[in-house]
1. Tell me, A:Ile107, C:Ile3, C:Ile227 in order of fewest to most beta-carbon neighbours within 10 Å?
2. With a cut-off of 8 Å between alpha carbons and a minimum separation of six or more residues, what is the relative contact order of chain B in percent?
3. Measuring from centroid to centroid over Cα atoms, what is the spacing of the stretch A:48-118 and the stretch C:161-236 in Å?
4. Using Cα pairs closer than 8 Å and at least 6 residues apart in sequence, work out the relative contact order for the stretch C:1-142, in percent.
5. If neighbour count is taken as other Cβ atoms inside 10 Å, put C:Ile305, C:Ile224 in order from fewest to most.
6. What residues of the stretch B:207-227 lie in the reach of a label at C:Phe299, counting those whose backbone N is under 17 Å from a point 7 Å from the Cα along Cα→Cβ?
7. Mind putting a number on the dipole of the protein assembly as shown about its Cα centre? Charges go on the C-beta only, +1 for Lys and Arg and -1 for Asp and Glu, and I need it in Debye to the nearest 20.
8. List C:Asp132, B:Asp250 from most exposed to least, where exposure is judged by having the fewest other Cβ atoms within 10 Å.
Amino acid sequence: METHLRSLRLFGQNLQAFFSQLKKHPSAWLGGIVILLYVAMAIIAPLLAPHSPIGTDLQLRLIPPFWQDGGTWSHFFGTDVLGMDLLSRIIYGARISLLIGFLAVGISVLIGVVLGMLAGYFRGFFDEIISRFAELLMAFPFLIFAIGIMAVLGPGFGNLLLALTFKGWVEFFRLVRGEMMVEKTKEYVEAATALGVSHLRIIISEILPNVVHSILVLGTLRLGYMIIMEASLSFLGLGIQPPTPAWGSMISAGRDYMMTAWWISTIPGIALLILVLSINLFGEGLRDVSDPRLKRG
Amino acid sequence: MLQVKDLTMVYETDRGKVKAVNGVNFSIGHGEVLGLVGESGCGKSATLLTLLGLVPYPGKITSGEILFNGEDLRKKSPTEMRNIRGKDIAMIFQDPMTALNPVFKVGEQIRETLRIHGLMQEQKGSWWSRRKKQNHNERERVMELMKEVGIPSPDERFFEYPHQFSGGMQQRVVIAIALACSAQLLLADEPTTALDVTIQAQILELLNKINRERETAIIMVTHNLGMAAEFCQKIAVMYAGEIVEQGPTDAVLENPKHPYTQGLLQSIPRISERKQRIEPIPGSVPDLATLDETCAFYPRCGKRTKACLLKKYNLEDLGEGHSAKCALYS
Amino acid sequence: MTIAPLVELRAIKKHYVINKSFLEKVAGAKKQIIKAVDGVDLQIFNGEILGLVGESGCGKSTLGRTILQLHRATAGEIYFEGKCINHLKGHDLRKFRQDAQIIFQNPYSSLNPRKSVRQILSLALRSRGLKDSLEQEREIRHLLSSVGLAERQIDNYPHQFSGGQRQRIGIARALAMKPRFIVADEPVSALDVSVQAQIINLLEELQQEYKLTYLFVAHDLSVIHYISDRVAVMYLGKVVEIAKTEELFNNPRHPYTQALISAIPSVDKERRKNRIILEGTVPTPLNPPSGCAFHTRCFLKLGQICETKTPELIYDSMGNGVACHYVKA
């Protein structure tokens with residue numbers, strides 16, 4: 001028990017050192033805070049949203065945001081063609097974006113890391129097969145690939161996740177496989193082998209802690225990408241279907257009204273932009289901090 | 001020929017100023033071989049780079065003079081320094097692969113030095129014939145150099161790339177580049193450390209030959225006392241950025257005065273009839289950022305006294321060019 | 001010799017096959033084989049320090065790792081206390097690993113940067129079967145003090161130590177298994193001169209205290225001379241000479257050994273003798289010369305026989321062996 005406490009404390013110290021280094025990157029810091037705000041917004045969406053996100057009221061259609069003529073405070077960002085409240089839809093839309101983003105990255109990490117570690121450690125035939133398959137997937141542009149899958153399977157939450165992860169794991173696989181091959185040649189791995197530690201333990205408790213940073217960095221950067229991908233698919237009508245609030249389909253819905261009601265497309269677009277920008281800033285900061293070349297002894 | 005006076009180079013880091021080279025004095029004449037000996041981090045490589053005006057970032061020379069044939073190199077402009085580097089003073093590195101460009105043919109790299117320093121005679125005639133003659137002469141000269149440093153069949157190896165050469169052969173190429181402009185002074189930074197024992201002997205032999213035949217002065221940085229003993233006429237022992245003892249090789253190694261030199265000599269295993277027990281120096285090399293002005297060896301020294309902490313001591317002449325920096329001799 | 005050796009190698013070979021990429025295979029590239037260790041017979045006796053010396057690429061590190069079953073031998077047998085250990089698996093292999101440990105050259109990559117000293121050592125203790133955390137704690141503290149580290153550094157991470165101290169941690173990790181046999185793979189070559197001496201002395205003290213047997217792999221002949229009881233010289237995957245240390249250094253018989261010994265730069269004037277400077281470089285083990293692998297650089301070459309026939313390692317009555325046609329002739 002005591003040793004567990006101690007290792008927890010050490011882990012805490014590590015984390016502290018990590019965050020104190022992160023503080024030196026104001027942009028990353030800002031990005032992190034914005035991400036947290038979005039996450040909080042998504043979680044307490046029912047408390048924040050002034051209206052129902054799917055409640056239509058044709059009497060109140062195309063109301064502009066409050067600062068324009070005809071705008072009202074009760075519909076902060078205005079309403080869309082069907083009279084749904086934009087602010088409420090954006091707040092609820094964050095749920096979809098973040099949920100898809102985190103799940104897609106999470107599943108990709110899981111598949112990519114497991115396959116990458118096994119392939120990089122044991123090499124051989126297994127590695128050959130997986131690597132060739134990964135290379136095959138790499139040959140398709142992500143968006144086209146995802147569109148193809150969605151077109152075949154049809155829209156839906158589960159299918160969306162499948163489309164995003166079907167190719168999403170490849171990046172993680174390649175990263176982890178490469179790092180694994182580097183780490184495996186280091187003598188501490190050989191030392192563990194000489195102590196009679198099993199392969200699985202070596203992979204999980206000796207090598208994994210050394211690659212976790214890179215996975216974290218790539219994961220963050222891919223999170224932004226996955227969110228954009230979801231928005232793109234929804235925009236094309238292949239992802240989340242209206243009336244379920246998703247930023248991509250909201251942008252798409254406002255397309256025809258750009259001249260008369262710009263806010264329907266623009267405001268969800270800005271929400272998406274700020275989130276992805278923050279994620280990328282945070283990811284860049286994370287990469288700088290964990291890059292050993294920039295670290296001192 | 002080269003005289004270094006009170007040279008100090010400071011790294012400005014966020015942990016404060018670190019004196020990597022601290023008030024170093026030495027000189028070397030034509031055809032002499034000087035060994036700078038010390039452990040890693042003692043400032044021996046930093047000293048060499050500073051001489052060439054290649055102060056590693058974030059370093060700065062804060063005081064001292066580097067007199068080369070009577071002229072202070074510190075006052076030279078960057079362009080003048082570029083001319084001196086390679087032409088008058090050449091450098092050989094520990095890892096030859098970092099000194100050679102992997103994407104150019106070995107011969108071309110030697111030829112490059114000849115061109116940059118304008119060492120080939122201008123040819124007469126039309127542009128075309130001039131170029132042809134020039135090309136031919138340069139190639140001949142490069143082959144000569146390659147032969148001189150002992151690269152077999154230079155006419156084939158001229159067209160090979162550095163990675164096709166073994167470590168020892170790469171080092172020979174670097175030496176050929178240094179010879180290309182008949183430098184008067186050769187700075188060798190651990191030239192054989194990365195090489196195998198038998199190859200090490202070959203390279204040392206080559207450097208020896210150059211020193212004998214061309215009267216090139218050599219400053220060799222090494223951590224291997226045996227190598228310094230066999231190769232150098234004079235030795236300067238460095239510790240924590242300072243020269244703590246210097247003098248003729250035999251005097252320093254057979255009659256070491258500074259406790260650090262004594263400790264070093266006792267800590268290397270020697271091959272002799274009787275097995276002598278080696279006596280390590282306790283502790284490890286200090287962190288340069290935390291040093292004050294007094295003797296840096298004090299915490300590890302077996303002969304320390306209260307006098308050590310009183311003031312900063314200077315190199316004290318002990319006769320016959322042998323000097324040591326220690327409270328024992330002041 | 002009536003004493004049974006602790007470790008015995010019989011005709012050990014370790015060949016590596018260079019894997020061709022998929023495309024190269026399609027293009028019909030042939031397999032290339034590196035003969036890192038190519039037929040080594042060796043006996044290591046209880047309580048001795050056997051020095052193994054040679055230049056880079058001669059297979060000395062591979063040999064050490066092959067004995068420890070970190071690499072499986074391609075051919076030949078390895079006996080530990082009379083038992084063949086080539087094909088050990090599972091429980092038996094783990095048991096063997098307790099008896100035979102390794103100390104590495106690079107004090108930086110040999111310790112996991114994300115593990116504290118406590119974690120590194122407790123991994124070893126757990127592998128030995130010591131699971132109780134209180135006992136582990138006591139044992140770790142004991143280990144630290146026996147390799148000359150302060151007990152308060154127990155929760156420090158590798159990057160907080162100097163090279164010499166890290167090497168001590170690596171030694172403590174090997175000792176944690178209570179081994180009888182240790183392969184020390186260039187344990188001091190990455191260290192500074194003054195620190196090198198500390199580690200050499202520590203290794204010697206530990207050897208006496210725990211009655212250890214070392215295979216001490218190094219390229220530095222002065223270190224080998226200092227620490228070893230017997231020395232084996234390797235060249236291109238083969239042992240070319242093996243003898244008692246004094247015998248080997250005072251009276252080297254194989255021309256390669258002679259050249260190696262004459263090449264040692266020495267502080268002492270009287271040791272500086274005529275240098276034998278070998279021509280050329282070590283040939284690649286990808287395509288070693290026929291016959292005696294040394295014949296391309298040898299200054300005592302007899303002629304035809306050296307190029308065609310591989311000389312065998314022949315022992316004299318004193319147990320010193322040499323593999324050379326010239327010496328035999």
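We did not get these values from a lab; they are worked out from the coordinates using the rules stated. None of the values given here were measured: they were computed from a predicted structure. Here the Cβ positions follow ideal geometry from the backbone for every residue, glycine too, while neighbour counts run over all protein chains shown.
1. Listed from fewest to most nearby Cβ atoms, that is C:Ile3, A:Ile107, C:Ile227.
2. Dividing the mean separation by the residue count of chain B yields 21 percent.
3. After rounding, the separation between the Cα centres reads 65 Å.
4. Result for the stretch C:1-142 is 25 percent.
5. Lowest to highest Cβ neighbour count: C:Ile305, C:Ile224.
6. Under 17 Å, as judged by backbone N against the label point of C:Phe299, lie B:207-209 of the stretch B:207-227.
7. 760
8. C:Asp132, B:Asp250
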